[in-house]
Amino acid sequence: MIIDLNSLSTNESYHLLTQVIVPRPIAWVLTENQDSESYNLAPFSFFNAVCSDPPLIMLSIGQRPDGRQKDTLDNIQRSKKVTIHIPSVEHAAEVTESSRSREPNDSEINAQNIKLVDFEGFALPRIENSKIALAGELHLHQTIGRQQQNLVFIELKTAYLESSIVSKSDQRLKVDHLGLDPLGRLGGSDYWVNGHSLTIKRPM
């Protein structure tokens, strides 16, 4: 099958990309809300590492269905700080629920009763039971495409790794990926779990 991507609508192109670029890592992103008293939490699977010096990751953030910016982007632009978690399979239901559309300052942390702890050396907290958390600051923001897709480059400053998944090999850190049991993203409502798919219907 040969598909001319120029003939596809925006939604058709998005659907194709999410079906063929798989599995994708998930960034479970925590930012501080505008009220400075609560936190936003949202998953993004247009995400990856893009540079090692300085250590940069990239988030690609679209718009809300009504055209407004997503809270995550608003918060990053304002505070410049973000905590990015790598979710494990055990977080699948919580990750899915945190994708639900909410009004600004309506915190997923509070609604889902997610436990946070201090992130040593950083202004924002981290999720207590997440095995990997990365603290970073806004490095660069660019807008691309006809639909105003936002590329957000985050310079990582601090990393937390649960000791149970870390060892040393040839003087380098080695992460036990079976112990991490990372959750991957497929197309639609599907996730990638240890070579198998898991379907959890996304909230509206």
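So which trypsin sites (Lys or Arg not before Pro) in the range 85-117 are both in a DSSP loop and have at most 11 other Cβ atoms within 10 Å of their Cβ? Show your work: numbers first, answer last.
Working: sites: Arg100, Arg102, Lys115; in loops: Arg100, Arg102, Lys115.
Qualifying residues, ordered by number: Lys115.
Within the accessible area of the chain, what % is carbon and sulfur when the probe is 1.4 Å and the other protein chains stay in place?
Details: 5710 of 11630 Å².
Summing carbon and sulfur atoms, their accessible area is 49 percent of the total for the chain.
Calculate, in nm to one decimal, what Asn105 and Gln63 gain on full extension: separation in residues at 0.36 nm each, minus their alpha carbon distance.
Working: separation 42, 0.36 × 42 = 15.12 nm, distance 1.74 nm.
Result: 13.4 nm gained on full extension.
Taking Cα centre as origin and charging only the Cβ of basic (Lys, Arg, +1) and acidic (Asp, Glu, -1) residues, the dipole magnitude of the range 1-85 rounds to 80 debye. Over the residues of the chain, the helix contribution to mean residue ellipticity at 222 nm works out to -4000 deg cm²/dmol, using -39500 (n - 2.57) for each DSSP H run of at least 4.
Among Lys157, Lys80, Lys174, the largest mean-square fluctuation in a Gaussian network model of the chain, built with springs joining Cα atoms closer than 10 Å, belongs to Lys174. A straight line joining the Cα centroids of the range 52-118 and the range 1-41 runs 12 Å. The modelled label-to-label distance for the pair Asp181/Asn129, using points 7 Å beyond Cα in the direction of Cβ, is 1.1 nm. Descending by average beta-carbon neighbour count within 10 Å, the peptides 28-41, 7-20 line up as 28-41, 7-20, the highest first. Rolling a 1.4 angstrom probe over the protein heavy atoms with all chains in place gives the chain an accessible area of 57 Å² per residue. A simple spin-label model places pseudo-atoms 7 Å from Cα toward Cβ; at Met1 and Val89 they are separated by 2.8 nm.
Regarding the range 1-107, what is the average projected area of its C-alpha convex hull, in nm²?
Values: hull surface 35.6 nm².
Result: 8.9 nm².
For the range 48-201, what does the relative contact order come out to in percent, with C-alpha contacts under 8 Å and a separation of six or more?
Details: 235 pairs, mean separation 37.7, N = 154.
Value for the range 48-201: 24 percent.
Of all the options Glu103, Glu128, Glu94, the one that moves most in a Gaussian network model of the chain with Cα springs shorter than 10 angstrom is Glu103. Rounded to the nearest 20, the size of the Cβ-charge dipole of the range 53-204 about its Cα centre is 380 debye, with Lys and Arg at +1 and Asp and Glu at -1. Computed from the C-alpha gyration tensor, the three semi-axes of the ellipsoid equivalent to the range 54-103 are 20, 18, 10 Å, from longest to shortest.
Only lysine pairs 8 or more places apart, or on different chains, with alpha-carbon atoms under 16 angstrom apart are counted in the chain, and they number 6. The C-alpha radius of gyration of the chain, expressed as a fraction of 2.2 N^0.38 Å, stands at 1.03.
Each label was represented as a point 7 Å from its Cα along the Cα-to-Cβ direction; for Asn113 and Ser167 these points are 3.7 nm apart. Around Arg102, what is the net charge, scoring Lys/Arg as +1 and Asp/Glu as -1 over all other residues with Cβ under 12 Å from its Cβ? It works out to a net charge of -2.
The values are calculated or read from the model by the stated rules, or taken from the named source; none is laboratory data. Bear in mind the structure is a predicted one, so any value in this text is a computation, not a measurement. Using ideal geometry, Cβ is built from the backbone for each residue, glycine included, and neighbour counts are taken over all protein chains shown. Keep in mind that these areas ignore ligands, DNA and RNA; they rest on the heavy atoms of the full protein, side chains included. Shrake-Rupley method; radii C 1.70, N 1.55, O 1.52, S 1.80 Å.
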